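Please read the structure below before turning to the comments.
The values are calculated or read from the model by the stated rules, or taken from the named source; none is laboratory data. Since the structure is predicted, the reported quantities are computational estimates derived from the model, not experimental observations. Because the Cβ atoms are built from the backbone with ideal geometry, glycine has one as well, and the counts that use them run over all protein chains shown.
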Protein chains: 2
Amino acid sequence: MIDLPQFADVTAAAQRLRGKVAATPVLGFPAFDARVGRRVLFKCENLQWGGAFKLRGAVNAVGLPRRAGLQAVATHSSGNHGAALARAARAAGLRCLVVVPVDASPVKLAAIESLGAELVRCEPGLAAREAALAEVLRRVDAEVVHPFDDARVIAGQGTAALEFLQAHPELDVLATPVGGGGLLSGTALAARGCGAHCRVVGVEPALADDTCRSFHGGVRVGVVGSPPTIADGLRGSVGERPYAILRAAVDDVITVDEAAIVRAMRVMLEDCKLLIEPSSAVPVAALLDGRLGAAGETVGVVISGGNVDLSQCPFLSARQ
Amino acid sequence: MIDLPQFADVTAAAQRLRGKVAATPVLGFPAFDARVGRRVLFKCENLQWGGAFKLRGAVNAVGLPRRAGLQAVATHSSGNHGAALARAARAAGLRCLVVVPVDASPVKLAAIESLGAELVRCEPGLAAREAALAEVLRRVDAEVVHPFDDARVIAGQGTAALEFLQAHPELDVLATPVGGGGLLSGTALAARGCGAHCRVVGVEPALADDTCRSFHGGVRVGVVGSPPTIADGLRGSVGERPYAILRAAVDDVITVDEAAIVRAMRVMLEDCKLLIEPSSAVPVAALLDGRLGAAGETVGVVISGGNVDLSQCPFLSARQ
């Protein structure tokens, strides 16, 4: 038995998050609509505080009633979740420990540290990360907040879709990227719970297509190693809880290739003036390929984040 | 005597624009606030349809009652106003002629043409532009819609500030860039008319400081030639109508240097995930220099547009 979040957990999370995360805008662009031959609305979590939807799940997990005396949270993450948990913990007055691989981007590590978290370095790879986290837990009385395989985190991530659908119940399709599956499963929970008629679709890089294979094959499978997709937030395998939810509540999972991801990132910057990270460009790539919704339909996309290291941007070079 | 718009023209424009322009979001970012030590809100006209506030003035001018039989509008502009007027004219079923200098960016000209406008090429320089426009008017029964020295355009531009102040009456300072002065004067009209307590400040590149000198000197002076500022939308001289309004209703006009403009553009992209054009970065530069508002105050900035040719971006190089 695993604990799965319910729709009531998403609505409770929405209450809990009020004033603690940004109510991000939903934006549409006639030029983009003309390009893809359908109406598209973007829920802009790249404009979320910290630049990613991850703050929602972290704030929800940290804001729930805690075991008496607990004064710390811990996780392993070198990316947006680590920074989000650090931010949420600081606001809640909790100590935060983040296990990070030694090869992680120094820029990202500095960001996590600047938010008051303590970094615990480990060798690369999931096994080393988990061992390091276990060691932290022997040392410190901390509660683990997993990046995606956590009912509280999934419920928090679902609040983006809840806001989106409350403002735009007319969506015919609602798409998100899928890596560990926290955002997609939270989105599906929100959509089914609020009675929206939209189809919920996950989009994945073809180079890291474990969720697509799991969804269509009926057995949860993982990626091997670290797939070389540019969508660095989507390189992991789908989690147990997200998988259980998406099998029941998601309509489809599809994949896109790397060139389409880079092109989508550039179109969003040039046409829509929005910097989005490669992971967020994955559903946009499916749109540009004409594979989300049909002509005349309204397609919603959750833009998951905008944290791009410009020196690593595939179509730009930083000059300084 | 010149015809000056009144506050009632701004509120009437707001009615006229409903559904014809985007109600752009107002965004704030705690990380940016921490950087400048005050609360900052951005009214994001870079997310406006067409990527700039200019659509507001153009739609207002085109939407007003027209002389019977009039079937065309004309202007001279190689930038955002030309594209905005083309878009507004197309929506209103009017023919649109745009006089453009032969050295204008081919990308921008293609954009104007793709919106259905007819391009009329002329030699560079204001005199050649005006002569070419006069020639157009001899040939075609068209009404001229000037980019900024036009009461209808000023009233339309003021609607951005009206939306901003209706949602955020708490602003202590409201700043815009200033080139021809259409946005700044419309903003001042809106702020004074709606009874807001905010100070209205225009910010200009030091290399094109004609408005600053005019405002403080009490005599309208112009720029000489085309000042070499990166803020290409602000290279012209302040117009007669905008100047009359801003002398009466603007609290201050200040200047920033080129390095500060480039830095501001980069900060907005990296911290706030928003692509803004150099002209829009001008008031942001003043903020980063600590020259807009005081600690504890709330500063509003109208981000005027996001139309950047990435191959010309000062801190990035396009790789393709």
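Of note:
- Beta carbons closer than 9 Å, at least 6 apart along the sequence or on distinct chains, pair a first residue in region B:266-282 that is at negative phi and among the basic types (Lys, Arg) with a second that is in a helix (DSSP H, G or I) and surrounded by 24 or more Cβ atoms within 10 Å (Cβ to Cβ) for B:Arg266/B:Ala281.
- For region A:191-203, residues that are crowded, with 19+ Cβ neighbours inside 10 Å and either modelled with pLDDT under 95 or not in a loop (DSSP other than H, G, I, E, B) (or both) total 6.
- Those residues of region B:277-291 which are more than 16 Å from B:Val178 (Cβ to Cβ) and within 14 Å of another protein chain (Cβ to nearest Cβ), in sequence order: none
- Qualifying residue in region A:204-214 (condition: buried (at least 19 other Cβ atoms within 10 Å of the Cβ) and among the aliphatic types (A, V, I, L, M)): yes
- Number of the exception - A:Pro65 against (1) touching a residue at least 24 places away in the same chain (Cβ under 8 Å); (2) out of contact with any Lys or Arg (no Cβ under 7 Å at 6 or more places or on another chain): (1)
- Residue within region B:6-28 that is more than 14 Å from chain A (Cβ to nearest Cβ), aromatic (Phe, Trp, Tyr) and touching a residue at least 12 places away in the same chain (Cβ under 8 Å) present: yes
- The residues listed here are A:Gly296, A:Gly306, A:Gly300; of these, the one that is under 23 Å from A:Gly28 (Cβ atoms), surrounded by fewer than 16 Cβ atoms within 10 Å (Cβ to Cβ) and either under 16 Å from the mean Cα position of the chain (by Cα) or of a type outside the set (Lys, Arg) (or both) is A:Gly296.
- Residue check for B:Val267: surrounded by 16 or more Cβ atoms within 10 Å (Cβ to Cβ) and within 14 Å of chain A (Cβ to nearest Cβ): yes
- Looking at A:Ala14, A:Ala23, just one residue is under 17 Å from the mean Cα position of the chain (by Cα), in the same structural domain as A:His168 (by TED's automatic domain parsing) and either over 26 Å from B:Gly19 (Cβ atoms) or aromatic (Phe, Trp, Tyr) (or both), and that residue is A:Ala14.
- Selection from region B:235-261 of residues that are modelled with pLDDT under 95 and out of contact with any Gly (no Cβ under 6 Å at 6 or more places or on another chain): B:Arg235
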